[in-house]
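Structure first, then comments.
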There are 2 protein chains.
Amino acid sequence: MGSAYERLLVEVKRLGCLREVLELLTWDLEVGMPIGAEQARADQNETISHLAHELLVSPHLRQLLEEAEREAAPELGSEDKDPYSLQRPEIRAHLLRRVRREIEKNTRVPSQVASQLTAAAAKAQSVWLKARQAKDFGLFQEALERVVELCRQQAECIGYQGHIYDALLDIYEPGMSTAQVDKLFSQLRPRLVDLVKRIAKAPAPSKKVLERSYPVSVQRNFCQRLMIDMGYDWTRGRVDDVVHPFCASFSTSDVRVTNHFREDCVTKALFTALHETGHALYEQGSPAAWLHTPLEGGASMAVHESQSRLWENIVGRSRPFWEHYYPIFQAYYPAQTAGIGVEEFYKAINSVQPSFIRIEADEVTYSLHIMLRFELEKALIEGSLEVKDLPAAWNEAMRDYLGVVPPDDGQGCLQDVHWPSALFGYFPTYALGNLIGAQTWQVMGRDLDLDSLLRQGELGKLRQWLESRLYRWGQRLYPQELLQEVLGQELSAQPFIDYLEAKYAPLYNL
Amino acid sequence: MGSAYERLLVEVKRLGCLREVLELLTWDLEVGMPIGAEQARADQNETISHLAHELLVSPHLRQLLEEAEREAAPELGSEDKDPYSLQRPEIRAHLLRRVRREIEKNTRVPSQVASQLTAAAAKAQSVWLKARQAKDFGLFQEALERVVELCRQQAECIGYQGHIYDALLDIYEPGMSTAQVDKLFSQLRPRLVDLVKRIAKAPAPSKKVLERSYPVSVQRNFCQRLMIDMGYDWTRGRVDDVVHPFCASFSTSDVRVTNHFREDCVTKALFTALHETGHALYEQGSPAAWLHTPLEGGASMAVHESQSRLWENIVGRSRPFWEHYYPIFQAYYPAQTAGIGVEEFYKAINSVQPSFIRIEADEVTYSLHIMLRFELEKALIEGSLEVKDLPAAWNEAMRDYLGVVPPDDGQGCLQDVHWPSALFGYFPTYALGNLIGAQTWQVMGRDLDLDSLLRQGELGKLRQWLESRLYRWGQRLYPQELLQEVLGQELSAQPFIDYLEAKYAPLYNL
């Protein structure tokens, strides 16, 4: 029968396979499932989720875990020379820790609360779609109240030491506390608000090069070229068209990028390719020896987002990157770029403009959208803000942070799917990703001459650094351990603030 | 908790969902899975198969079944007016019968034998690939001996009343016996051998129209048009490119066709589209009320094949069909068809020519390829033929049936994947499908003026008849019950013999 650890691995890998299958079901749904299959697909999802949950909370798995925890790690055999072998004591310990975390997270919430939350979220999503279309928050209020109430219950079941919101935040960002986020965001917020104000006073750059028409077939080729240069492994992935792009991973050996090409908006697919390939490189860089285990993949939502945003913004909107790629871009699109130099193009793709919609926001204003959501959802969960007062609070924060107020709730507090989906605790990870990305870039800059590599189009060198330093850790470490181990730093807002100042002050002649 | 029947339905639908997911994993593998994901996909498959098997053979399911069998069917409520409601006593009885059959089939074979067979087949497939490439049966002999031995063990476990081969045949063709197949094939064989001989003496038709180059993009449009005319429901399906086409069904609401387009062979994708859409219409025609249950889908392999072959051959290679479609075909391909009339085209696509390879065989010789395999695999299973004597027996039968002998085993007994895959009992269903297709066509002809409908391109009228008479039964009835109920006939070779004579005698001036 083998050791308890070996038997645990069998079950854990089975659980991993079920999650990969769930991810495939979702990928297929977005990429090309016929519309008539909605109900059947929901049933298939429900079946696999049910089996995965049953496996995760089974007494058998807990018993195996406890036995494995008590068991002494065996002597390494000659076949375990692999530095990533699951038999290595330190890797074994990290795996057991991850499994324990997952079991506890999932057993603490009684199945009654979990299924009430699932049902409430399903209801809220359907109501939200109608409310957003009608631009009427009133239609959504009651459903959201129910979701908030159940998320509070969920948080109480999970437990927390400081703030009730900690329990939810920890689902997406292991080990992160509300107090830490508060501290980081309170450093970042005034600097961003100030930068946005200064930029608003400067003349806006011309964006006419981006307003031209770019044939989709040429865009496909250009994006593919960027992905090749970045080092995306095509034997372990593919690219498909969808409406809302994402990166899906069904193990490190099958990491699929999706994209959305628009003839009237060349930047859409271009920066999506960089962003989603950033996620994909992180997934593909996970050690193959950890197939189907919880050590595979990225450390957290924020660390994952740091990788996508590093490629999309820090690399993909930088001047040295376009010094290399703009002549190539011009060769792909001679008519559209005629008479436009690299400087004008660089300024166009870095235009900063406060707007209502988060997903259309630029690199500077984006984090302010997130901080606003974090403040509001924290207040909802702790009970200091009532759901009925959300639209007013939203608009007030928009005025304070960005200086604009949405004309209606559709472009305001109804714009995101996260709250109707009961994903409280998720939003801050987007902004934390910006911070971690800038920290990573700063540390990379000690080893590599980044500007020079970008000017030569040597994107593969960047990926190699990230792979050998960051990707190879998979999910072994929790995010803050990872930062300490890999970057030798604590999480800080300063590198991101410095990066934005250094980039935008000259760009806008501030 | 509801009745035992209700609780059984929950488990049975869960099982159905797992099988649909398995089918999706296979579809994805063939359609576009990156090559590096092979191992991960095998693990995912193994996990889902394992859970499906565990569910099927669980004492809990058997107990629910037995309780449901004892339970009186409840009075029908007003919501059960639906003629396809799973609450109707007769439908309930058919469902329970199917579930019992599945449980018994799967519990009778001990898991040790089943896993030995799986392992032996995996080994045999890998050895077979090398043997076929080397055209050397000797390399494959030992692996096949092991598979045959285990298939015999499997048959003994399943049990049978007459011939040992019955146990295997019944897996694919419920209720069919070896004696019945012997009888049908012994009627058919001499008539086919005779027809092939007479055709061989007649002048061969010109096939030059088929030797021209046909752009793939135009082929796609033409095939799509045929599928639209047949009534394929695009809200419940899609078409993708693969190397070896098939039809995959993940419930009646998601039935996907695949195809393979070759510029140098216009008939490949054309007849594949008709064939696979024939399968797809049958699946899509299954009552929606039976979603995820074993009543969904087609009655058996042979009945399924009857539907694909009816559309591919009886419809798609008929003169009245091309009287309508050839002018359209010419409009799609004016250069390729210049100077070629419908008669010449009709003769070209119906050229009969004994060949070595089953999957390239025409409508007349195809069933002879199958009969040969049936004779040989029956002899292997009953022990009257030793594996080492297979190549000689194969070549002798080829000479007798088709008058040709393959130059090597690669084009002989190594050509099919079925035996290395341990699919003994499967082959006869292909030829039985031809018989059932011709019988169905004969009965359709009593209600519809088939030639006239084909001449008008009214393919939808054919589908409607099939849907209202055949498809709507799903898997409720076993094949022979279905033929009796729907066609009012027993399975017979005569309609197929009559069909071939009536078609090929004038075509070849015999």
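The values are calculated or read from the model by the stated rules, or taken from the named source; none is laboratory data. Nothing here was measured: the structure is a model prediction, and the numbers come from that model. Glycine gets a Cβ as well: all are built from the backbone with ideal geometry, and neighbour counts include every protein chain shown.
At-a-glance table
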{"item": "Cross-chain or 6+ apart pairs with Cβ under 6 Å, region B:34-48 first and within 7 Å of chain A (Cβ to nearest Cβ), then surrounded by fewer than 19 Cβ atoms within 10 Å (Cβ to Cβ) and not in a helix (DSSP H, G or I)", "result": "B:Pro34/A:Arg238"}
{"item": "Test: B:Gly175 is more than 18 Å from B:Arg373 (Cα to Cα), surrounded by fewer than 20 Cβ atoms within 10 Å (Cβ to Cβ) and touching a residue at least 60 places away in the same chain (Cβ under 8 Å)", "result": "yes"}
{"item": "Tally of residues being among the hydrophobic types (A, V, I, L, M, F, W, C) and farther than 30 Å from B:Gly16 by Cα across region B:293-321", "result": "3"}
{"item": "Qualifying residue in region A:384-402 (condition: part of a loop (DSSP other than H, G, I, E, B), touching a residue at least 12 places away in the same chain (Cβ under 8 Å) and either among the polar types (S, T, N, Q) or surrounded by fewer than 16 Cβ atoms within 10 Å (Cβ to Cβ) (or both))", "result": "no"}
{"item": "Conditions (1) among the hydrophobic types (A, V, I, L, M, F, W, C); (2) assigned to a helix (DSSP H, G or I); (3) surrounded by 20 or more Cβ atoms within 10 Å (Cβ to Cβ); number of the one not met by B:Leu295", "result": "(2)"}
{"item": "Residue within region B:54-75 that is within 11 Å of chain A (Cβ to nearest Cβ) and in contact with a helix residue (DSSP H, G or I) (Cβ under 7 Å, 6 or more places away or on another chain) present", "result": "yes"}
{"item": "Every residue from region B:1-19 that is among the small types (Gly, Ala, Ser) and in a helix (DSSP H, G or I)", "result": "B:Ala4, B:Gly16"}
{"item": "Helices (runs of 4 or more DSSP H) lying entirely in region B:403-473 (those with 3 or more residues that are among the polar types (S, T, N, Q))", "result": "B:428-447"}
{"item": "Residue check, A:Arg455 at pLDDT 95 or above, surrounded by fewer than 18 Cβ atoms within 10 Å (Cβ to Cβ) and in contact with a helix residue (DSSP H, G or I) (Cβ under 6 Å, 6 or more places away or on another chain)", "result": "yes"}
{"item": "Hits in region A:474-499 - residues which are in a helix (DSSP H, G or I) and either under 30 Å from A:Arg97 (Cα atoms) or of a type in the set (A, V, I, L, M, F, W, C) (or both)", "result": "A:Pro479, A:Gln480, A:Glu481, A:Leu482, A:Leu483, A:Gln484, A:Glu485, A:Val486, A:Leu487, A:Phe496, A:Ile497"}
{"item": "Of residues in region A:11-33 being at the interface with another protein chain (Cβ under 10 Å from one of its Cβ atoms) and aliphatic (A, V, I, L, M), the one nearest to A:Phe246 (Cα to Cα)", "result": "A:Val31"}
{"item": "Among the residues listed as B:Leu210, B:Leu226, the single one being in contact with a Leu (Cβ under 9 Å, 6 or more places away or on another chain), crowded, with 16+ Cβ neighbours inside 10 Å and more than 14 Å from every other protein chain (Cβ to nearest Cβ)", "result": "B:Leu226"}
{"item": "Residue in region A:103-116 that is touching a residue at least 24 places away in the same chain (Cβ under 8 Å) and either over 30 Å from A:Val387 (Cβ atoms) or assigned by TED's automatic domain parsing to the domain that holds A:Trp473 (or both) present", "result": "yes"}
{"item": "Check on A:Glu71, out of contact with any Gly (no Cβ under 7 Å at 6 or more places or on another chain), at pLDDT below 95, of a type in the set (D, E, K, R) and more than 30 Å from B:Glu30 (Cβ to Cβ)", "result": "yes"}
{"item": "Meets criteria (in contact with a helix residue (DSSP H, G or I) (Cβ under 6 Å, 6 or more places away or on another chain), of a type outside the set (Phe, Trp, Tyr), more than 14 Å from chain A (Cβ to nearest Cβ) and touching a residue at least 24 places away in the same chain (Cβ under 8 Å)) for B:His275", "result": "yes"}
{"item": "Helices (runs of 4 or more DSSP H) contained entirely in region B:142-231, each with at least 2 residues that are basic (Lys, Arg)", "result": "B:178-201, B:216-230"}
{"item": "Cross-chain or 6+ apart pairs with Cβ under 8 Å, region A:60-87 first and closer than 24 Å to A:Tyr471 by Cα, then surrounded by fewer than 11 Cβ atoms within 10 Å (Cβ to Cβ) and not hydrophobic (A, V, I, L, M, F, W, C)", "result": "A:Ser85/A:Glu79; A:Gln87/A:Gly77"}
{"item": "Options A:Thr272, A:Thr365, A:Thr337: the member that is modelled with pLDDT of 95 or more, farther than 30 Å from A:Ser253 by Cα and out of contact with any Leu (no Cβ under 8 Å at 6 or more places or on another chain)", "result": "A:Thr337"}
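To keep it simple, each residue is scored yes or no on (1) free of Cβ contacts under 8 Å to residues at least 40 places away in the same chain; (2) under 23 Å from A:Pro287 (Cα atoms); (3) touching a strand residue (DSSP E or B) at 6+ places or on another chain (Cβ under 8 Å); (4) of a type outside the set (Val, Ile, Thr).
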| position | (1), (2), (3), (4) |
| --- | --- |
| A:Gln187 | no, no, no, yes |
| A:Arg220 | no, no, no, yes |
| A:Asp229 | no, yes, no, yes |
| A:Val239 | yes, yes, yes, no |
| A:Glu263 | no, no, no, yes |
| A:Val266 | no, no, no, no |
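To keep it simple, each residue is scored yes or no on (1) closer than 24 Å to A:Ser85 by Cα; (2) within 14 Å of chain B (Cβ to nearest Cβ); (3) in a loop (DSSP other than H, G, I, E, B).
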{"residue": "A:Ser253", "(1), (2), (3)": "yes, yes, yes"}
{"residue": "A:Thr258", "(1), (2), (3)": "no, yes, no"}
{"residue": "A:Phe261", "(1), (2), (3)": "no, no, yes"}
{"residue": "A:Leu281", "(1), (2), (3)": "yes, no, no"}
{"residue": "A:Trp311", "(1), (2), (3)": "no, no, no"}
{"residue": "A:Ile328", "(1), (2), (3)": "no, no, no"}
